[in-house]
Amino acid sequence: MGKIGINIATGSLQKEEMIVGIDLGTTNSLVAMIHPETKQPVVLKEHDGNTLVPSVIHFGENGGISIGEDAKNYLITDPQNTIFSVKRLMGKSYSDIKDYSSFFAYKIIDDNTESLVKVRVEDKFYSPIELSSFILRELKNRAEHILKTPVTKAVITVPAYFNDAQRQATRDAGKLAGLDVLRIINEPTAASLAYGLGLDKSETKTIAVYDLGGGTFDVSILRITGGIFEVLSTNGDTYLGGDDFDIAIVDLWAKQFRLTEEELKNNGNLAQELRLLAENAKIFLSSNDQFTGKAAGEEFALSKPQFDELIRPFVERTINSCKHALDDAKLTVTEIDEVVMVGGSTRVPLVKQSVASFFKRAVHDDINPDEVVAMGAAVQADILAGNNKDFLLLDITPLSLGIETMGGLMDVLIPRNTKIPSKASRQYTTQKDGQVSVKIAVYQGERDLVKDNRKLAEFSFSGIPAMPAGLPKVEISFLINADGILVVKAKELRSGTEQSIEVKPQYGLTDAEVEQMLLDSVTYAQEDIRTRALVEAKTEAAHIIDTTENFLMKNKEMLSEKELSATKASIDSLKQLIEKGDKDQLQKGIDELNEISRPYAERLMDVAVREALKNKTI
Ligand code: ADP
Ligand code: MG
């Protein structure tokens, strides 16, 4: 294992090299860095003084893509082609988000499986990773333009509640955007670092970070001991934020002017104008008492007391979450040493007052709340660059560790730069009926296909009881102990059968080789992700064909002639598409087969098939 600073994952880092901090937000994204002279974190600014880039992507008619402020203008006038809130989709399957599908005005593919969601724009399919990479690439380009130097290394922030898959997706998005992602850090940790909390290694502190952004709210309770951050609890609401304030204002105005929902729906421009005016009103009322403004030739007004009444229920919900977070951390209000305010919506005075009065203390709000996370990421980047020696003592994994899954893909269990000792596990399943053994091949590296990575070990895990495909639950766990030894264990959860091996990931690998592997992963990121998407689409198609054919065999009598022939035709064309190997056409084929089978599948789908769709196959 490497020592940060001596060879941060390889010695590839020179001290001079710039590492930026990126806040990849649901609503807004931005970049910060440590100023080379003042040594203080600064946020990168455009000529117009803007620091925030709205996390919105618009797909234009002639293939042009716009990102940020320009794209935001299309939110209501061209909803199908304007992607917002992609962060909510990161690492998610359709079943994770289906209860909220009406929230997204664009088309998310409902493939009724546990595989990762895709977004459809015209005839193209995009993964949330690709969409996020567009935003990251835009940030990278803007940063390079402002700094007049290449920007290739970054620390990216994610919410504390992000799971392994969501973190990995964020890493991949960075890689795809041409960035070497040195570390993924928690947003509340970053915000605390920006305020200098945790930089003094001798102090132990308990911190509440209250983050109210555009569309999401979360509160995290952190404990810092000796410079190490631990998340004690998180709580929140992923569908509550400043956007709700805007909507409440529009609703009030619509009522005053007797505009019906129907009228607003049919007049996209008016709706868009009102939304923007409402946001302006809200922002204005953060430092004034009375707002008036014009839209569509009419005058709209809002007073601060009116606004406060509108948003009070939302604010109360966030305070309720704070209570739950404290309960979960088994703490009382008096045990919180610091409260940090994050997110543009904490500029609202009522929000600030309510939080201060709940925690019974003054809150940290000196740093711009929509910039504080990026600034903290920059502080972390500086630590990684070796400019803050106190922090260089942790052992880390220099390369990602994972196993081979269907189609020769690398499935990472422990990402690079993870502190050791470390543990991770994930469930997999079988691909064929009656399969009693699986091959477990352990790899190290950053590429998407295992053939480009380094094989550490392989063993055949046998003793799986014969069951239909998809039913066995094989849990693979990786444990790296403090000496850097990796123990890989496989266990079939239904029967309890178990097997394990030990490997030394470090063995026989020089720093130069590790560095080359890292460089390659960025160089080939586009190609890798394309190959991965194709392999995944093929696997998914084959799987759906299998499942559907099986289903037809068992349930023939329950289906109409028409359903049968339509399904068979769709299966045949999907089989041809697998041969052809065009990812977008394949996705379309899968989508179509799903649409055809959904009505009767929902009618009949038995537990076994549902189960069969659940786990990834090795
Ligand atoms: P996210 O973390 O979700 O990407 P931000 O932290 O950038 O989002 O917060 C964006 C939200 O903050 C938007 O709803 C925006 O309208 C709101 N906001 C920004 N400035 C103000 C202000 N001065 N007063 C009230 N709300 C504001
Ligand atoms: Mg944020």
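For the stretch 232-248, the set of residues classified as of a type in the set (Gly, Ala, Ser), part of a strand (DSSP E or B) and within 16 Å of ligand 2 (Cβ to nearest atom) consists of 236 only. Check whether at least one residue in the stretch 76-89 is part of a loop (DSSP other than H, G, I, E, B), in contact with a Leu (Cβ under 8 Å, 6 or more places away or on another chain), of a type in the set (Lys, Arg) and in contact (Cβ under 8 Å) with a residue 40 or more places away in the chain, and report yes or no. No: zero hits. Based on what the data block shows, is residue 27 within 12 Å of ligand 1 (Cβ to nearest atom), modelled with pLDDT of 85 or more and open to solvent by 40 Å² or more (accessible area, probe 1.4 Å)? Yes.
Pairs are defined by a Cβ separation below 9 Å, a sequence spacing of at least 6 or placement on different chains, a first member in the stretch 280-292 that is more than 10 Å from residue 347 (Cβ to Cβ) and open to solvent by 90 Å² or more (accessible area, probe 1.4 Å), and a second member that is away from ligand 2 (no atom under 16 Å from the Cβ) and among the aliphatic types (A, V, I, L, M); the pairs so defined are 290/301; 290/302.
Applying the criterion of being of a type in the set (Asp, Glu) and farther than 27 Å from residue 44 by Cα to the residues of the stretch 323-378, the residue that is farthest from ligand 2 (Cβ to nearest atom) is 335. Close contacts from the stretch 343-370, counting a first residue that is on the phi > 0 side of the Ramachandran plot and a second that is more than 10 Å from ligand 1 (Cβ to nearest atom) and not basic (Lys, Arg), with Cβ to Cβ under 7 Å and a gap of 6+ residues or different chains, come to 360/333.
Looking at the stretch 311-326, can you tell me whether even one residue there is over 27 Å from residue 198 (Cα atoms), assigned by TED's automatic domain parsing to the domain that holds residue 272 and open to solvent by less than 10 Å² (accessible area, probe 1.4 Å)? Among the residues of the stretch 311-326, at least one is over 27 Å from residue 198 (Cα atoms), assigned by TED's automatic domain parsing to the domain that holds residue 272 and open to solvent by less than 10 Å² (accessible area, probe 1.4 Å), which makes the answer yes. The lone criterion from (1) away from ligand 1 (no atom under 12 Å from the Cβ); (2) of a type outside the set (D, E, K, R); (3) open to solvent by less than 90 Å² (accessible area, probe 1.4 Å); (4) under 15 Å from residue 76 (Cα atoms) left unmet by residue 276 is number (1). In the stretch 116-224, counting only strands (runs of 3 or more DSSP E) that sit wholly within it, the ones holding 1 or more residues that are more than 16 Å from ligand 1 (Cβ to nearest atom), open to solvent by less than 30 Å² (accessible area, probe 1.4 Å) and among the basic types (Lys, Arg) span 153-158. For the stretch 207-226, the criterion of a residue being away from ligand 2 (no atom under 16 Å from the Cβ) and closer than 24 Å to residue 72 by Cα is satisfied by no position.
Looking at this structure, is residue 337 within 16 Å of ligand 1 (Cβ to nearest atom) and not basic (Lys, Arg)? Judged against the criteria, residue 337 is not a match. For the stretch 234-250, the criterion of a residue being away from ligand 1 (no atom under 16 Å from the Cβ), modelled with pLDDT under 95, over 14 Å from residue 373 (Cβ atoms) and in contact with a His (Cβ under 8 Å, 6 or more places away or on another chain) is satisfied by at least one position. Taken together, 390, 366 contain a single residue that is modelled with pLDDT of 95 or more, surrounded by fewer than 18 Cβ atoms within 10 Å (Cβ to Cβ) and not in a strand (DSSP E or B), which is 366.
The values are calculated or read from the model by the stated rules, or taken from the named source; none is laboratory data. This is a predicted model, so every value here is computed, not measured. Cβ sites come from the backbone with ideal geometry, for glycine too, and all protein chains shown count toward neighbours. All accessible areas refer to the heavy atoms of the entire protein, side chains included, with ligands and DNA or RNA removed. Shrake-Rupley method; radii C 1.70, N 1.55, O 1.52, S 1.80 Å.
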